[in-house]
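A.B. asks: My structure is below; once you've seen it, I'll send some questions.
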Amino acid sequence: IREHEEITKVKNVNRIELGRNIIETWYFSPIPREFFPEGSVDVLYVSEFTLDMYRHKSELERHYRRCKIRHPPGDEIYRDDENKLSMFEVDGAKSKIYSQNLSYLAKFFLDHKTLHWDVDPFLFYVLCEYDEKGYHPVGYYSKEKYSEQGYNLACILTLPPYQRKGYGKFLISFSYELSKKEEKVGSPEKPLSDLGQLSYRSYWCHAVLEALLEMNNEAISVIDITKHTSIKTEDVVLALKFLGLTKCVNGRHVICVDENFLREKLKKFPLKGVRVDPERLHWAPLK
Ligand code: ACO
(Lines give C-alpha, C1' and ligand atoms only; values in the text may rest on other atoms or scores of the structure.)
Protein backbone atom coordinates (compact mmCIF):
# COMPACT_ATOMS: atom_id res chain seq x y z
CA ILE A 1 0.00 0.00 0.00
CA ARG A 2 2.72 2.39 1.03
CA GLU A 3 4.63 1.95 -2.20
CA HIS A 4 1.48 2.40 -4.24
CA GLU A 5 0.66 5.61 -2.39
CA GLU A 6 4.18 6.89 -2.95
CA ILE A 7 3.91 6.25 -6.67
CA THR A 8 0.44 7.69 -7.20
CA LYS A 9 1.24 10.62 -4.92
CA VAL A 10 -2.35 11.31 -4.01
CA LYS A 11 -2.22 14.01 -1.40
CA ASN A 12 -3.11 12.46 1.96
CA VAL A 13 -3.23 15.69 3.96
CA ASN A 14 -4.60 18.97 2.60
CA ARG A 15 -3.21 21.39 5.14
CA ILE A 16 -0.99 21.40 8.16
CA GLU A 17 -1.28 23.72 11.09
CA LEU A 18 2.14 24.63 12.38
CA GLY A 19 2.48 27.45 14.89
CA ARG A 20 0.69 30.51 13.59
CA ASN A 21 0.51 29.18 10.02
CA ILE A 22 -1.94 26.94 8.23
CA ILE A 23 -0.02 25.63 5.25
CA GLU A 24 -1.43 24.03 2.11
CA THR A 25 0.61 20.89 1.38
CA TRP A 26 2.02 20.23 -2.10
CA TYR A 27 2.52 16.46 -2.20
CA PHE A 28 1.93 13.11 -0.54
CA SER A 29 3.93 12.28 2.57
CA PRO A 30 4.21 8.72 3.94
CA ILE A 31 3.21 9.68 7.48
CA PRO A 32 1.93 6.74 9.57
CA ARG A 33 -1.47 5.52 8.49
CA GLU A 34 -3.08 6.31 11.86
CA PHE A 35 -2.98 10.01 10.90
CA PHE A 36 -5.12 9.56 7.79
CA PRO A 37 -7.27 6.47 8.36
CA GLU A 38 -9.98 7.56 5.93
CA GLY A 39 -7.63 7.94 2.98
CA SER A 40 -6.96 11.62 3.55
CA VAL A 41 -7.39 14.29 6.20
CA ASP A 42 -8.07 17.96 5.82
CA VAL A 43 -5.85 19.38 8.54
CA LEU A 44 -2.96 17.79 10.41
CA TYR A 45 -1.88 19.56 13.59
CA VAL A 46 1.87 19.68 14.10
CA SER A 47 3.78 20.82 17.18
CA GLU A 48 6.26 23.54 16.28
CA PHE A 49 8.79 22.38 18.81
CA THR A 50 8.73 18.58 18.69
CA LEU A 51 7.09 18.26 15.24
CA ASP A 52 4.77 15.60 16.67
CA MET A 53 1.60 15.22 14.63
CA TYR A 54 -1.99 15.18 15.85
CA ARG A 55 -5.32 14.61 14.16
CA HIS A 56 -7.23 16.97 16.41
CA LYS A 57 -6.51 20.49 17.55
CA SER A 58 -7.47 19.64 21.14
CA GLU A 59 -4.68 17.02 21.20
CA LEU A 60 -2.15 19.58 20.02
CA GLU A 61 -3.34 22.05 22.64
CA ARG A 62 -3.01 19.42 25.34
CA HIS A 63 0.50 18.66 24.07
CA TYR A 64 1.48 22.34 24.32
CA ARG A 65 0.14 22.47 27.88
CA ARG A 66 2.06 19.37 28.95
CA CYS A 67 5.30 19.70 27.02
CA LYS A 68 7.42 22.69 27.95
CA ILE A 69 10.00 22.28 25.16
CA ARG A 70 10.12 25.44 23.06
CA HIS A 71 13.02 24.77 20.68
CA PRO A 72 14.34 21.97 18.46
CA PRO A 73 16.52 19.34 20.13
CA GLY A 74 20.29 19.47 19.72
CA ASP A 75 22.82 22.29 19.89
CA GLU A 76 22.20 25.90 19.03
CA ILE A 77 25.22 26.48 16.80
CA TYR A 78 24.33 29.89 15.38
CA ARG A 79 22.52 32.84 16.89
CA ASP A 80 21.80 36.28 15.46
CA ASP A 81 20.21 38.46 18.13
CA GLU A 82 19.73 41.37 15.74
CA ASN A 83 17.57 39.41 13.33
CA LYS A 84 16.27 36.98 15.97
CA LEU A 85 17.45 33.94 14.04
CA SER A 86 18.92 30.78 15.38
CA MET A 87 20.21 27.52 13.91
CA PHE A 88 20.07 24.17 15.70
CA GLU A 89 22.10 21.11 14.77
CA VAL A 90 20.03 17.97 15.35
CA ASP A 91 21.70 14.57 15.27
CA GLY A 92 19.43 12.02 13.56
CA ALA A 93 20.78 9.20 15.72
CA LYS A 94 20.19 11.09 18.97
CA SER A 95 16.85 12.74 18.12
CA LYS A 96 15.29 10.08 15.95
CA ILE A 97 11.62 10.93 16.37
CA TYR A 98 12.17 14.65 15.78
CA SER A 99 14.27 13.93 12.67
CA GLN A 100 11.71 11.50 11.27
CA ASN A 101 8.93 14.01 11.89
CA LEU A 102 10.99 16.66 10.11
CA SER A 103 11.42 14.36 7.11
CA TYR A 104 7.68 13.64 6.99
CA LEU A 105 7.02 17.36 7.13
CA ALA A 106 9.52 18.07 4.34
CA LYS A 107 8.03 15.42 2.08
CA PHE A 108 4.78 17.41 1.96
CA PHE A 109 6.76 19.91 -0.17
CA LEU A 110 9.15 17.64 -2.05
CA ASP A 111 7.99 15.73 -5.06
CA HIS A 112 10.76 13.85 -6.78
CA LYS A 113 13.16 13.54 -3.94
CA THR A 114 13.73 10.22 -2.22
CA LEU A 115 13.97 11.23 1.35
CA HIS A 116 16.13 9.12 3.57
CA TRP A 117 13.89 7.58 6.17
CA ASP A 118 16.81 6.11 8.11
CA VAL A 119 17.78 9.31 9.88
CA ASP A 120 20.77 7.99 11.88
CA PRO A 121 23.44 8.92 9.27
CA PHE A 122 22.19 12.52 9.01
CA LEU A 123 22.50 15.84 10.75
CA PHE A 124 19.61 18.30 10.45
CA TYR A 125 20.16 22.05 10.52
CA VAL A 126 16.94 23.71 11.63
CA LEU A 127 16.61 27.46 11.12
CA CYS A 128 14.30 29.22 13.58
CA GLU A 129 12.94 32.69 14.08
CA TYR A 130 12.66 33.25 17.81
CA ASP A 131 10.56 35.41 20.09
CA GLU A 132 9.34 35.27 23.69
CA LYS A 133 7.10 32.29 22.84
CA GLY A 134 9.91 30.11 21.56
CA TYR A 135 11.89 29.06 18.48
CA HIS A 136 9.71 28.76 15.39
CA PRO A 137 11.14 26.67 12.53
CA VAL A 138 11.16 28.38 9.12
CA GLY A 139 13.29 25.91 7.16
CA TYR A 140 15.99 23.30 7.40
CA TYR A 141 18.49 21.24 5.51
CA SER A 142 19.91 17.80 6.11
CA LYS A 143 23.45 16.62 5.65
CA GLU A 144 25.05 13.20 5.71
CA LYS A 145 27.57 12.83 8.52
CA TYR A 146 29.95 11.21 6.04
CA SER A 147 29.28 11.69 2.33
CA GLU A 148 31.31 9.62 -0.12
CA GLN A 149 30.18 11.81 -3.02
CA GLY A 150 31.19 15.01 -1.26
CA TYR A 151 27.65 16.29 -0.73
CA ASN A 152 27.39 19.04 1.86
CA LEU A 153 23.59 19.13 1.72
CA ALA A 154 21.09 16.31 1.16
CA CYS A 155 17.75 18.03 1.28
CA ILE A 156 16.63 21.63 1.77
CA LEU A 157 13.28 23.17 2.55
CA THR A 158 11.92 26.59 3.38
CA LEU A 159 8.37 26.29 4.68
CA PRO A 160 6.04 27.96 2.15
CA PRO A 161 4.98 30.95 4.32
CA TYR A 162 8.67 31.88 4.63
CA GLN A 163 9.77 31.34 1.01
CA ARG A 164 11.21 34.09 -1.23
CA LYS A 165 12.62 35.99 1.75
CA GLY A 166 16.17 34.78 1.37
CA TYR A 167 16.05 31.89 3.86
CA GLY A 168 16.81 29.33 1.14
CA LYS A 169 20.01 31.13 0.21
CA PHE A 170 20.78 31.59 3.90
CA LEU A 171 20.59 27.80 4.37
CA ILE A 172 22.67 27.18 1.22
CA SER A 173 25.24 29.74 2.32
CA PHE A 174 25.31 28.12 5.78
CA SER A 175 26.07 24.73 4.22
CA TYR A 176 29.12 26.22 2.49
CA GLU A 177 30.25 27.95 5.69
CA LEU A 178 30.34 24.51 7.36
CA SER A 179 32.29 23.14 4.37
CA LYS A 180 34.81 25.98 4.76
CA LYS A 181 35.27 25.00 8.42
CA GLU A 182 35.77 21.39 7.34
CA GLU A 183 38.25 22.61 4.73
CA LYS A 184 36.28 20.68 2.13
CA VAL A 185 34.54 21.38 -1.14
CA GLY A 186 30.82 20.62 -1.25
CA SER A 187 27.84 20.27 -3.54
CA PRO A 188 24.14 19.50 -3.05
CA GLU A 189 22.78 15.98 -3.53
CA LYS A 190 21.26 15.43 -6.97
CA PRO A 191 18.73 15.62 -8.48
CA LEU A 192 17.75 19.16 -7.58
CA SER A 193 14.12 20.21 -7.82
CA ASP A 194 13.28 23.15 -10.09
CA LEU A 195 13.15 25.47 -7.10
CA GLY A 196 16.36 23.94 -5.73
CA GLN A 197 18.07 24.49 -9.09
CA LEU A 198 16.96 28.13 -9.25
CA SER A 199 18.05 28.84 -5.70
CA TYR A 200 21.45 27.16 -6.10
CA ARG A 201 22.18 28.85 -9.43
CA SER A 202 21.32 32.19 -7.93
CA TYR A 203 23.54 31.50 -4.88
CA TRP A 204 26.47 30.20 -6.96
CA CYS A 205 26.36 33.24 -9.24
CA HIS A 206 26.35 35.56 -6.25
CA ALA A 207 29.17 33.73 -4.46
CA VAL A 208 31.35 33.50 -7.59
CA LEU A 209 30.92 37.21 -8.39
CA GLU A 210 31.71 38.15 -4.82
CA ALA A 211 34.77 35.89 -4.80
CA LEU A 212 36.07 37.42 -8.05
CA LEU A 213 35.66 40.91 -6.61
CA GLU A 214 37.31 39.95 -3.32
CA MET A 215 40.23 38.19 -4.99
CA ASN A 216 40.63 41.04 -7.45
CA ASN A 217 44.06 40.10 -8.79
CA GLU A 218 45.30 39.29 -12.25
CA ALA A 219 45.31 35.54 -12.62
CA ILE A 220 42.35 33.80 -11.03
CA SER A 221 41.61 30.17 -11.78
CA VAL A 222 38.47 28.14 -11.20
CA ILE A 223 40.36 26.29 -8.45
CA ASP A 224 41.03 29.63 -6.70
CA ILE A 225 37.30 30.35 -6.70
CA THR A 226 36.58 26.87 -5.38
CA LYS A 227 39.09 27.34 -2.56
CA HIS A 228 37.60 30.70 -1.68
CA THR A 229 33.97 29.55 -1.66
CA SER A 230 34.05 25.76 -1.01
CA ILE A 231 31.81 25.46 -4.11
CA LYS A 232 32.71 22.39 -6.17
CA THR A 233 34.58 23.17 -9.42
CA GLU A 234 31.77 21.93 -11.73
CA ASP A 235 29.31 24.24 -10.01
CA VAL A 236 31.72 27.20 -10.26
CA VAL A 237 32.09 26.53 -13.99
CA LEU A 238 28.30 26.37 -14.35
CA ALA A 239 27.95 29.75 -12.69
CA LEU A 240 30.76 31.30 -14.76
CA LYS A 241 29.13 30.07 -17.97
CA PHE A 242 25.71 31.26 -16.88
CA LEU A 243 27.15 34.67 -16.08
CA GLY A 244 28.90 34.75 -19.47
CA LEU A 245 32.29 35.23 -17.84
CA THR A 246 34.19 32.57 -19.78
CA LYS A 247 35.64 32.95 -23.26
CA CYS A 248 37.32 30.45 -25.51
CA VAL A 249 40.79 31.77 -26.40
CA ASN A 250 43.02 29.56 -28.58
CA GLY A 251 40.95 26.53 -27.62
CA ARG A 252 41.19 27.21 -23.87
CA HIS A 253 38.45 28.50 -21.61
CA VAL A 254 39.51 31.60 -19.75
CA ILE A 255 37.72 33.78 -17.24
CA CYS A 256 37.28 37.31 -18.54
CA VAL A 257 36.49 39.84 -15.89
CA ASP A 258 36.15 43.54 -15.66
CA GLU A 259 35.44 45.01 -12.24
CA ASN A 260 32.59 47.28 -13.34
CA PHE A 261 30.97 44.45 -15.24
CA LEU A 262 31.20 42.27 -12.12
CA ARG A 263 29.62 44.95 -9.96
CA GLU A 264 26.76 45.36 -12.43
CA LYS A 265 26.20 41.59 -12.55
CA LEU A 266 26.27 41.35 -8.75
CA LYS A 267 23.27 43.69 -8.61
CA LYS A 268 21.33 41.02 -10.53
CA PHE A 269 22.27 38.31 -8.04
CA PRO A 270 21.87 39.90 -4.62
CA LEU A 271 21.58 37.99 -1.38
CA LYS A 272 18.17 39.14 -0.17
CA GLY A 273 17.38 39.01 3.51
CA VAL A 274 19.71 38.05 6.30
CA ARG A 275 23.27 36.94 5.57
CA VAL A 276 25.25 34.29 7.39
CA ASP A 277 27.83 35.90 9.65
CA PRO A 278 30.67 33.37 10.12
CA GLU A 279 31.57 35.10 13.42
CA ARG A 280 28.27 33.94 14.87
CA LEU A 281 28.85 30.30 13.99
CA HIS A 282 29.99 28.12 16.88
CA TRP A 283 30.71 24.78 15.34
CA ALA A 284 33.49 22.27 14.83
CA PRO A 285 33.43 19.41 12.29
CA LEU A 286 32.72 15.86 13.47
CA LYS A 287 35.94 13.99 14.07
N1 ACO B 1 9.89 31.35 -8.62
C2 ACO B 1 11.00 31.83 -9.23
N3 ACO B 1 12.23 31.83 -8.64
C4 ACO B 1 12.32 31.31 -7.41
C5 ACO B 1 11.21 30.80 -6.71
C6 ACO B 1 9.94 30.85 -7.37
N7 ACO B 1 8.83 30.40 -6.77
N8 ACO B 1 11.60 30.37 -5.49
C9 ACO B 1 12.93 30.59 -5.42
N10 ACO B 1 13.35 31.15 -6.59
C11 ACO B 1 14.73 31.50 -6.93
C12 ACO B 1 14.97 32.97 -7.01
O13 ACO B 1 16.08 33.19 -7.83
C14 ACO B 1 15.32 33.28 -5.57
O15 ACO B 1 16.09 34.39 -5.41
P16 ACO B 1 15.42 35.86 -5.46
O17 ACO B 1 14.21 35.82 -4.57
O18 ACO B 1 16.51 36.72 -4.94
O19 ACO B 1 15.07 36.09 -6.89
C20 ACO B 1 16.15 32.09 -5.19
O21 ACO B 1 15.56 31.00 -5.89
C22 ACO B 1 16.20 31.74 -3.74
O23 ACO B 1 15.25 32.39 -2.98
P24 ACO B 1 15.25 32.27 -1.41
O25 ACO B 1 14.21 33.21 -0.87
O26 ACO B 1 16.62 32.38 -0.86
O27 ACO B 1 14.81 30.75 -1.22
P28 ACO B 1 13.53 30.16 -0.50
O29 ACO B 1 13.57 30.49 0.95
O30 ACO B 1 12.30 30.51 -1.23
O31 ACO B 1 13.86 28.60 -0.60
C32 ACO B 1 13.81 26.48 -1.64
C33 ACO B 1 14.22 27.96 -1.77
C34 ACO B 1 14.45 25.89 -0.38
C35 ACO B 1 14.27 25.69 -2.83
C36 ACO B 1 12.24 26.46 -1.50
O37 ACO B 1 11.69 26.88 -2.72
C38 ACO B 1 11.66 25.12 -1.13
O39 ACO B 1 11.68 24.71 0.03
N40 ACO B 1 11.09 24.40 -2.13
C41 ACO B 1 10.43 23.12 -1.88
C42 ACO B 1 11.43 22.05 -1.55
C43 ACO B 1 12.52 21.92 -2.61
O44 ACO B 1 12.26 21.90 -3.80
N45 ACO B 1 13.78 21.81 -2.13
C46 ACO B 1 14.95 21.62 -2.97
C47 ACO B 1 15.09 20.18 -3.38
S48 ACO B 1 16.67 19.82 -4.04
C49 ACO B 1 17.61 19.37 -2.68
O50 ACO B 1 17.06 19.28 -1.63
C51 ACO B 1 19.07 19.12 -2.82
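The values are calculated or read from the model by the stated rules, or taken from the named source; none is laboratory data. Keep in mind it's a predicted model, so treat the numbers as computed, not measured. Note: ideal-geometry Cβ built from the backbone for every residue, glycine included; neighbour counts use all protein chains shown. Only protein heavy atoms, including side chains, enter the accessible area calculation; ligands, DNA and RNA are left aside. Shrake-Rupley method; radii C 1.70, N 1.55, O 1.52, S 1.80 Å.
A.B. asks: How much of the accessible area of the chain, in percent, comes from carbon and sulfur atoms when a 1.4 Å probe is used?
C.D. replies: Working: 7570 of 15050 Å².
That fraction is 50 percent.
A.B. asks: Now, a different point. Lys and Arg at +1, Asp and Glu at -1: add these up for the other residues within a Cβ distance under 14 Å of Ser47 and post the number. Could you put the intermediate results ahead of the total?
C.D. replies: Details: positive: Arg20, Arg55, Lys57, Arg62, Arg65, Arg66, Lys68, Arg70, Lys133; negative: Glu17, Glu48, Asp52, Glu59, Glu61.
The answer is +4.
A.B. asks: With an 8 Å cut-off on Cα pairs and a minimum separation of 6 or more residues, tell me the relative contact order of the chain in percent.
C.D. replies: Working: 456 pairs, mean separation 37.2, N = 287.
Relative contact order here is 13 percent.
A.B. asks: Please give me, ordered by residue number, the GluC sites (Glu not before Pro) of segment 184-287 that lie in loop per DSSP and have at most 10 other Cβ atoms within 10 Å. Please report the intermediate quantities before stating the final value.
C.D. replies: Details: sites: Glu189, Glu210, Glu214, Glu218, Glu234, Glu259, Glu264, Glu279; in loops: Glu189, Glu218.
The qualifying sites are Glu218.
A.B. asks: Placing unit charges on C-beta atoms (Lys and Arg positive, Asp and Glu negative, everything else neutral), compute the dipole magnitude of segment 13-165 about its Cα centre in debye, rounded to 20. Provide the component values of the computation, followed by the final result.
C.D. replies: On the way: 21 positive and 24 negative charges, 66 e Å.
Once rounded to the nearest 20, the dipole reads 320 debye.
A.B. asks: For the chain, return all DSSP H helices satisfying: extent of Cα atoms along own axis at least 24 Å; mean Kyte-Doolittle hydropathy at least 0.0.
C.D. replies: Details: long enough: 194-215 (31 Å, 0.18).
TM-like helix candidates: 194-215.
A.B. asks: With all protein chains present and a 1.4 Å probe, how do Val43, Val10, Val254 order by accessible area, largest first? Write out the running numbers ahead of the final one.
C.D. replies: Details: Val43 30, Val10 100, Val254 50 Å².
The most accessible residue leads, giving Val10, Val254, Val43.
A.B. asks: Continuing with the same structure: What residue among Gly251, Gly134, Gly166 shows peak mean-square fluctuation when the chain is described by a Gaussian network model with Cα springs under 10 Å?
C.D. replies: Top of the fluctuation ranking is Gly251.
A.B. asks: Here is a further query. Hey, what do the phi angles of segment 79-90 turn into as Karplus ³J(HN,Hα) couplings, whole Hz, using 6.51/-1.76/1.60 and θ = phi - 60°, x for Gly and Pro?
C.D. replies: 9, 10, 5, 5, 9, 6, 10, 8, 10, 10, 9, 10
A.B. asks: Which net charge results when you count Lys and Arg as +1 and Asp and Glu as -1 among the other residues whose beta-carbon is under 10 Å from that of Ile77? If you can, show how the numbers build up before the last one.
C.D. replies: Numbers: positive: Arg79, Arg280; negative: Asp75, Glu76, Glu89.
Residues close to Ile77 contribute a combined charge of -1.
A.B. asks: If you take the square roots of the eigenvalues of the alpha-carbon gyration tensor of segment 83-182 and sort them as a ≥ b ≥ c, do you get rounded (a/c under 1.5), prolate (a/b over b/c) or oblate? All intermediate terms of the calculation are to be shown ahead of the outcome.
C.D. replies: On the way: a/c = 1.41, a/b = 1.24, b/c = 1.13.
Rounded, because the longest to shortest axis ratio a/c is under 1.5.
A.B. asks: Please say if segment 55-96 is rounded, prolate or oblate, where rounded means a/c under 1.5 for a ≥ b ≥ c the square roots of the C-alpha gyration tensor eigenvalues, and otherwise the choice is prolate for a/b larger than b/c and oblate otherwise?
C.D. replies: Working: a/c = 3.16, a/b = 1.56, b/c = 2.02.
Note, shape of segment 55-96 comes out oblate.
A.B. asks: So if I take the centroid of the Cα atoms in segment 211-270 and the same for segment 88-154, what is the distance between those two points in Å?
C.D. replies: After rounding, the separation between the Cα centres reads 32 Å.
A.B. asks: What number, rounded to the nearest 500 deg cm²/dmol, is the helix-based mean residue ellipticity at 222 nm of the chain, given -39500 (n - 2.57) per DSSP H run of at least four residues and division by all its residues? List each step's numbers first, then the result.
C.D. replies: Values: 8 runs with 96 residues, N = 287.
Theoretical 222 nm ellipticity from helices: -10500 deg cm²/dmol.
A.B. asks: Okay, moving on. Treating the beta-carbon of each Lys and Arg as +1 and of each Asp and Glu as -1, no other charges, what is the dipole magnitude of the chain about its Cα centre, to the nearest 20 debye? Walk me through the numbers before you get to the answer.
C.D. replies: Values: 43 positive and 43 negative charges, 71 e Å.
Here the chain has a charge dipole of around 340 debye.
A.B. asks: Same structure, new question: Please check which bits of segment 185-222 a label hung off Phe242 would reach, taking the label as a point 7 Å along Cα-to-C-beta and the cut-off as backbone N under 13 Å.
C.D. replies: Within reach of a label on Phe242: 188, 192-209.
A.B. asks: Given the Cα-Cα distance of Asn83 and Glu38 and 0.36 nm per residue of separation, how much length would full extension add, in nm?
C.D. replies: Details: separation 45, 0.36 × 45 = 16.20 nm, distance 4.28 nm.
Full extension from Asn83 to Glu38 adds 11.9 nm.
A.B. asks: In Å², what does the accessible area per residue of segment 45-180 work out to with a 1.4 Å probe?
C.D. replies: Details: 5790 Å² over 136 residues.
Value for segment 45-180: 43 Å² per residue.
A.B. asks: Taking amide H atoms as placed 1.01 Å from N in the peptide plane, list the residues 5 or more away in sequence, or in a different chain, whose amide H sits under 5 Å from that of Leu153.
C.D. replies: Excluding prolines and chain starts, which carry no amide H, the hits are Ser187, Glu189.
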